[in-house]
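What follows is a set of notes on a single structure, which appears directly below.
None of the figures in this text is laboratory data; all of them are computed from the coordinates on show. All figures in this text were calculated on a predicted structure; none of them were measured in a lab. Quick reminder, even Gly has a Cβ in these numbers, built from the backbone with ideal geometry, and neighbours come from all protein chains shown.
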Amino acid sequence: MRLKPPSGFRDFEPRDMILRKRVISTLENIFLRYGFDPIETPVIEHWEVFEGKYGEEAETKLMYRFKDPWSDKWFALRFDLTVPMARFFSLKRPSLPFKRYHIGRVWRHERPQKGRYREFWQADVDTVGSPYPEADAELLDLSINAMLKLGFRNFVIKLNDRRVLKGIFEEELALSNVIEVYRAIDKLDKIGYEGVKTELRKIGLNEETVNKLLEIISKEYDVEKNIIDLVDQFPKNKNVRDGINHLSSIIEYLGSNKKYVTFSLNLVRGLDYYTGPVWEIILKDIQIGSVAGGGRYDNLIEKYAGASYPATGISFGVERLIDAGKQLGLFKTEKSTFTEIYIISMTPKAYKMAWSIARELRDNGFFVQIDLMRRSERKQREYASKKGIPLTIIIGEKELSTNEITIYLRETGERITAKRKELINVLKARIKK
């Protein structure tokens, strides 16, 4: 029997889950501050919901799809949280703007490596109903504040617009196989410029076109100073003009937070459904790829709803945020329990009192454990110490006779005696909620 999970799938110990819950809780708190509400969708969808939404490579090589042996129908595991949201919206038709967040697992049959797994968590935020740049700007502002709240400081949001790409690559350069070009450029952070050059040659582009493309995507643009230069370079191109004007409005709304944003023509985002602004959050200190990404997808919901609904969203990669935070020393996994108090019963007679105190403490919001193994006092102490439980309550013959409670603080080694009726107030002063 194989006890180890399949490749790309993982077990999480309590210390790992405590960190994960802290990261997810931090993100969720930010989402709520901006007025986004939670939804949930099934982990399995009908295959037709996903078919034709992600592109050939994703749908033929990366998606977990299968035929149900009982119904002979085809299903697939969630590849992301955006397409299920589009299906959900089309079914429910909530009032606009529809602002939702969804934190959950998705599955991709990728080659497992650092920061890339086959089962992983995403934290998505989306706004449906607004075609305006303020909806995109709100998501970028939210993203910046989420990164700062998690402790990241040295990061950049790479920003681009699919209309600008279309105007330059499809209309000005007249590339016929533009989707393949986008997919090659999208691999830049993995294979570098030389690798992209090789990929472009494989597509069939001549050397002059390859060099021209590399020249375009390698140039850096300041979001305040020279982003508008592209309009001057292609003055008759409506897509370039519309895209740059939209991006300029986003930057204006960001105010002082625009210092975290840069414009880059080498950002294309691999998924086929993007229609306008696209962005990724990159950490400058380590090579781990993007930790979040998103953009505008104004045509996706129409495929389900039969009517056009503008939409924009961002997805945070929870795994990459955690891996990066650990690598940078921002996140620790030293905490292995949420338990705040362990009640030690020194004699069998003390057990009844321990249960009574535990019930009272739990009713008052404390996280409490008591002995369930009928262990000796020494073994109970060892257990509490090994788990890193910060406070222990000791109940023995003395406590039973005096109705006073002995409290031990592990960090300082301090012992406190409290009257039974004063215990809650004493603990509240020591354990801040």
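In the chain, the longest principal axis of the Cα atoms and the axis of helix 133-150 are about 40 degrees apart.
Once you charge only the Cβ atoms, +1 for Lys and Arg and -1 for Asp and Glu, what is the size of the charge dipole of segment 341-430 about its Cα centre, to the nearest 20 debye?
Details: 19 positive and 11 negative charges, 42 e Å.
Computed about the Cα centre, the dipole is about 200 debye.
Of all DSSP bridge pairs formed entirely within segment 293-399, close to 35 percent run antiparallel. Each Lys and Arg Cβ is given +1 and each Asp and Glu Cβ -1; about its Cα centre, segment 1-150 then shows a dipole of about 660 debye. Take the Cβ atoms of GLU215 and VAL426, set R0 to 45 Å, and the FRET efficiency comes out at 0.05. When the Gaussian network model of the chain links Cα atoms closer than 10 Å, the mean-square fluctuations of SER356, SER315, SER143 top out at SER356. When both segment 94-134 and segment 181-222 are represented by their alpha-carbon centers, they are found 27 Å apart. On the basis of the beta-carbon distance and an R0 of 60 Å, TYR34 and ARG374 show a calculated FRET efficiency of 0.75. Considering every Cα-Cα pair within segment 341-430, what fraction, in whole percent, is farther apart than 15 Å? Summing the P(r) of segment 341-430 above 15 Å gives 55 percent of all pairs. Taking the C-alpha atoms only, the angle from helix 188-203 to the longest principal axis of the chain is near 30 degrees.
Give me VAL125, VAL49 sorted ascending by neighbouring Cβ count inside 10 Å, so fewest comes first.
Result, fewest neighbours first: VAL49, VAL125.
Spin-label pair ASN145-LYS387: with each label point 7 Å from Cα along the Cα-Cβ axis, the two points sit 3.7 nm from one another.
Listed by chain and number, the lysines whose alpha-carbon sits under 21 Å from that of LYS92, ignoring those within fewer than 8 places in the same chain, are LYS53, LYS303.
Taking GluC sites (Glu not before Pro) across segment 232-331, none is in a DSSP loop with at most 12 further Cβ atoms lying within 10 angstrom of its Cβ. In the structure shown, the pairs LYS352/LYS428; LYS149/LYS332; LYS67/LYS99; LYS166/LYS202; LYS190/LYS284 are assessed against 27 Å; a Cα-Cα span above that value is assigned to LYS67/LYS99. Given springs between every Cα pair under 10 Å in a Gaussian network model of the chain, which of ILE341, ILE244, ILE157 has the largest fluctuation? Highest fluctuation of the listed residues: ILE341.
Think of segment 1-153 as having a plus end and a minus end, set by charges on the Cβ of Lys, Arg, Asp and Glu; of THR41, PRO133, VAL106, VAL106 sits farthest toward the positive end of this dipole.
Here the relative contact order of the chain, from alpha carbon pairs under 8 Å that lie six or more residues apart, stands at 16 percent. Between the residues ILE250, ILE24, LEU173, the greatest Cα displacement towards the positive end of the dipole of the chain, with unit charges on the Cβ of Lys, Arg, Asp and Glu, is found for ILE24. Summarising the strand pairing of the chain, around 80 percent of its internal DSSP beta bridges are antiparallel.
For segment 14-327, the square roots of the Cα gyration tensor eigenvalues, ordered a ≥ b ≥ c, give a/c below 1.5, which places it in the rounded category. When the chain is treated as a GNM with alpha-carbon contacts under 10 Å, the residue of TRP355, TRP74, TRP47 showing the greatest mean-square fluctuation is TRP355. The listed peptides 166-177, 128-139, 287-298, ordered by packing as a protection proxy, come out as 287-298, 128-139, 166-177 (highest mean of other Cβ atoms within 10 Å first).
Look at PHE367, PHE98 and count the other Cβ atoms within 10 Å of each Cβ; fewest to most, that gives PHE367, PHE98.
Ranked by how many other Cβ atoms sit within 10 Å of their own Cβ, fewest first, the residues VAL181, VAL426 fall in the order VAL426, VAL181.
If you fit an axis through the alpha-carbon atoms of helix 82-92 and take the longest principal axis of the Cα set of the chain, what angle between them do you get, 0 to 90°, nearest 10? Here the helix axis deviates by roughly 80 degrees. Only Lys, Arg, Asp and Glu carry charge here, each on its Cβ (+1 for the first two, -1 for the last two); on that basis the chain has a dipole of about 2480 debye about its Cα centre.
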